[in-house]
Amino acid sequence: MLPEEAMEIALGNKEPRRSQSQPEMTIAIVGYPYTIYDNYINVGLINILQKENIKIVTQDMLSNKTMNHQARTLPKSMFWYFSNRALYGALHYIEKQNIDGIIHVTAFACGPDAMVDRIIEIETHKRSNLPYLSLTIDEQTGEAGVRTRIEAFLDMLRYRRDKNEN
């Protein structure tokens with residue numbers, strides 16, 4: 001579960017959510033925690049996906065053991081802790097059969113984030129045929145822009161799924 005829901009349950013303010021329906025797809029979201037979980041910064045990305053009946057998984061749902069395993073698949077680690085977590089999380093989800101796509105939420109003009117984004121893109125294409133979206137956020141990003149990019153990504157995933165089923 002996502003951190004916000006976990007905190008509400010831990011504080012006793014909410015009961016664990018029982019899924020009413022099977023999610024349509026599962027998408028991995030990776031990036032720095034503030035870009036993933038802060039609704040102001042990412043303009044409600046998680047809410048947009050949840051309204052579309054998308055199951056969301058993040059690198060924060062992975063154990064350190066899983067992350068360390070992924071670290072060994074690269075020749076070198078980066079210098080930054082959260083950059084490594086985003087990268088290793090993406091590498092883990094690239095290998096999973098039940099993931100329909102990966103979204104990397106990245107901050108505009110962040111040097112380490114730019115390197116992570118490029119490495120994830122390269123490794124995604126090298127290791128799989130999984131669809132990948134780099135969602136760059138800056139102070140000019142509005143909800144309509146994020147919603148449009150997410151809807152286009154989901155449409156592409158649905159088209160791809162339907163094409164493979166026929």
Seminar exercise, completed: In segment 101-146 the accessible area split gives carbon plus sulfur, as whole percent at 1.4 Å, a share of 55
Exercise. What's the longest piece of the chain with no exposed trypsin sites (Lys or Arg not before Pro), counting a site as exposed if DSSP puts it in a loop and it has at most 10 other beta carbons within 10 Å?
Worked result: 77-166
Exercise. Can you tell me the accessible area per residue over segment 41-160, all protein chains present, probe 1.4 angstrom, in square angstrom?
Worked result: 52
Exercise. Okay, helix-only estimate at 222 nm for the chain: each DSSP H run of n ≥ 4 adds -39500 (n - 2.57), divide by all residues, round to 500 deg cm²/dmol; what do you get?
Worked result: -15500 deg cm²/dmol
Exercise. For LYS126, which lysines qualify as cross-link partners when the Cα separation must be under 19 Å and same-chain residues fewer than eight apart are set aside?
Worked result: LYS76, LYS96
Seminar exercise, completed: Taking Cα pairs closer than 8 Å and at least 6 residues apart, the relative contact order of the chain in percent is 24
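The values are calculated or read from the model by the stated rules, or taken from the named source; none is laboratory data. Just so you know, these numbers come straight off a predicted model, no measurement behind them. Glycine also receives a Cβ, built like all others from the backbone with ideal geometry; neighbour counts cover every protein chain displayed. Note: accessible area is taken over every heavy atom of the protein model, side chains too, but ligands, DNA and RNA are not part of it. Shrake-Rupley method; radii C 1.70, N 1.55, O 1.52, S 1.80 Å.
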